[in-house]
Amino acid sequence: MSWLLNFISEEDFVKHIGETIEKYGEKLESYDIKCFNKNIIDPIKLIFDKTVYQTSWEEMVGNEIFRQRDKSNNNDIGYFHQRIFQYIDKCKVPENGKEGGWDVIYQNDKGIVLPGGDMVHTVFVEMKNKHNTMNSASAGKTYIKMQSQLLSDDDCACFLVEAIAQKSQNIKWETTVDGKRVSHKRIRRVSLDQFYAITTGEENAFYNMCMVLPEVIERVVKQGGNAKIPHDTVLQELKNISALSGELTEDMAMAVAVYMLGFNSYFGFANLIGNNNTVNINYLKRIYAYAKGLETTTLF
């Protein structure tokens, strides 16, 4: 079957997919309890989520591991969106921190026509995965950077390109800097589909890429053959900890095990560990009785 994308070769596209998947692979290391709690989880939130959503501890722990991996993988998708432009004619993807720290620079000797009729020959791009990922301070800093670029180069425009924009658009970017509403016709918010159209000259370039993408990812994954399969041990380790709690119900024992991830040095929780590094069973029994309303005296 003939290759459907005119703006990037099949070889380069497959290579780029493979490099993105490799970054995923870095996140597929098996999770143990130390890795799980690397940034200290919020035990209270886990308890609320499990109870309100009526899910099991197995599902809750699995969901949290997925959330942690997914947070890292969002950066890898940013890599995919940015680095693909190194294969598109007249685009450059500078190394981190180089050439002003722009994500993409697009130059066209024939000119780039902006909405309204202005023509420039260079577009400097700051790229974001999603339209709502910048807070006001970050937006202000980015806008000032773009203003500075315009002051030093009157033959350019600056784009904030959003992979997941609110809609397809190429509009003036209006934001707030130092409490003042600002905008400039050469500082623009552009959805990813419209940036593809500008750089490739094909209105449906992004759509065509999306249509090809699933099959190529499937092909690259199958050809790779070395994708890691994680064997997470978090749940079993929590069960091992909860098993030390003796007569507590399984649910309460697991809750205590989760509490110990974030609160092991907090007042009261520190009493759960005896001098010989074993769980203080009597203290756990008091916690259970207190939780059931059977004990009214303070625990601390």
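The values are calculated or read from the model by the stated rules, or taken from the named source; none is laboratory data. Source: prediction; values computed, not measured. Every residue, glycine as well, gets a Cβ built from its backbone with ideal geometry; the counts of neighbours run over all protein chains shown. Each accessible area value is taken on the protein alone, full model and side chains, heavy atoms only, with ligands, DNA and RNA left out. Shrake-Rupley method; radii C 1.70, N 1.55, O 1.52, S 1.80 Å.
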Task: Count of residues meeting criterion [of a type in the set (Gly, Ala, Ser) and either more than 20 Å from Lys130 (Cα to Cα) or modelled with pLDDT of 95 or more (or both)] in segment 164-182 - done: 2
- [ ] For segment 170-179, state whether one or more residues are open to solvent by 50 Å² or more (accessible area, probe 1.4 Å) and among the acidic types (Asp, Glu).
- [x] yes
- [ ] Collect the residues in segment 45-58 that are in contact (Cβ under 8 Å) with a residue 24 or more places away in the chain and open to solvent by less than 80 Å² (accessible area, probe 1.4 Å), keeping them in residue-number order.
- [x] Leu46, Ile47, Trp57
Open item on the list: I need every pair where a residue in segment 4-18 that is within 13 Å of Leu213 (Cα to Cα) has its Cβ under 7 Å from the Cβ of a residue that is in a loop (DSSP other than H, G, I, E, B) and open to solvent by less than 20 Å² (accessible area, probe 1.4 Å), sequence separation at least 6 or different chains.
Closed with: Ile8/Ile88; Phe13/Leu5
Task: Selection status of Asp193, over 30 Å from Cys210 (Cα atoms) and either open to solvent by 30 Å² or more (accessible area, probe 1.4 Å) or in contact (Cβ under 8 Å) with a residue 40 or more places away in the chain (or both) - done: no
Task: Residue in segment 81-95 that is farther than 27 Å from Ile217 by Cα and either in contact with a strand residue (DSSP E or B) (Cβ under 7 Å, 6 or more places away or on another chain) or in contact (Cβ under 8 Å) with a residue 40 or more places away in the chain (or both) present - done: no
Task: Unmet requirement for Thr233, which otherwise passes all of (1) over 23 Å from the mean Cα position of the chain (by Cα); (2) farther than 30 Å from Phe36 by Cβ - done: (2)
Open item on the list: Considering only residues that are open to solvent by 50 Å² or more (accessible area, probe 1.4 Å), acidic (Asp, Glu) and at pLDDT 85 or above, which ones fall in segment 59-70?
Closed with: Glu59
Open item on the list: The conditions are (1) assigned to a strand (DSSP E or B); (2) of a type outside the set (Asp, Glu); (3) modelled with pLDDT under 95; (4) closer than 27 Å to Asn6 by Cβ, and Lys110 fails exactly one of them. Which is it?
Closed with: (3)
Open item on the list: Among the residues in segment 199-219, are any open to solvent by less than 60 Å² (accessible area, probe 1.4 Å) and more than 29 Å from Glu22 (Cα to Cα)?
Closed with: yes
Task: Qualifying residue in segment 147-155 (condition: free of Cβ contacts under 8 Å to residues at least 24 places away in the same chain, open to solvent by 20 Å² or more (accessible area, probe 1.4 Å) and on the phi > 0 side of the Ramachandran plot) - done: no
Open item on the list: Can you confirm whether Phe267 is open to solvent by 40 Å² or more (accessible area, probe 1.4 Å), at pLDDT 75 or above, over 30 Å from Phe124 (Cα atoms) and aromatic (Phe, Trp, Tyr)?
Closed with: yes
TODO: Within segment 105-146, count every residue that is open to solvent by less than 50 Å² (accessible area, probe 1.4 Å) and more than 23 Å from the chain's Cα centre (by Cα).
DONE: 12
Open item on the list: For the structure I just gave you, tell me whether Tyr87 is over 22 Å from the mean Cα position of the chain (by Cα) and surrounded by 16 or more Cβ atoms within 10 Å (Cβ to Cβ).
Closed with: yes
- [ ] Return a yes/no flag: does segment 26-39 have any residue that is within 19 Å of the chain's Cα centre (by Cα), charged (D, E, K, R) and open to solvent by less than 30 Å² (accessible area, probe 1.4 Å).
- [x] no
TODO: Could you check how many residues of segment 1-32 are at pLDDT 80 or above and not in a loop (DSSP other than H, G, I, E, B)?
DONE: 14
Task: Single condition Asp89 does not satisfy, out of (1) assigned to a loop (DSSP other than H, G, I, E, B); (2) closer than 27 Å to Ala197 by Cβ; (3) modelled with pLDDT under 95 - done: (3)
TODO: Determine whether Ile105 is touching a Lys or Arg at 6+ places or on another chain (Cβ under 6 Å), within 23 Å of Gly201 (Cβ to Cβ) and modelled with pLDDT of 95 or more.
DONE: yes
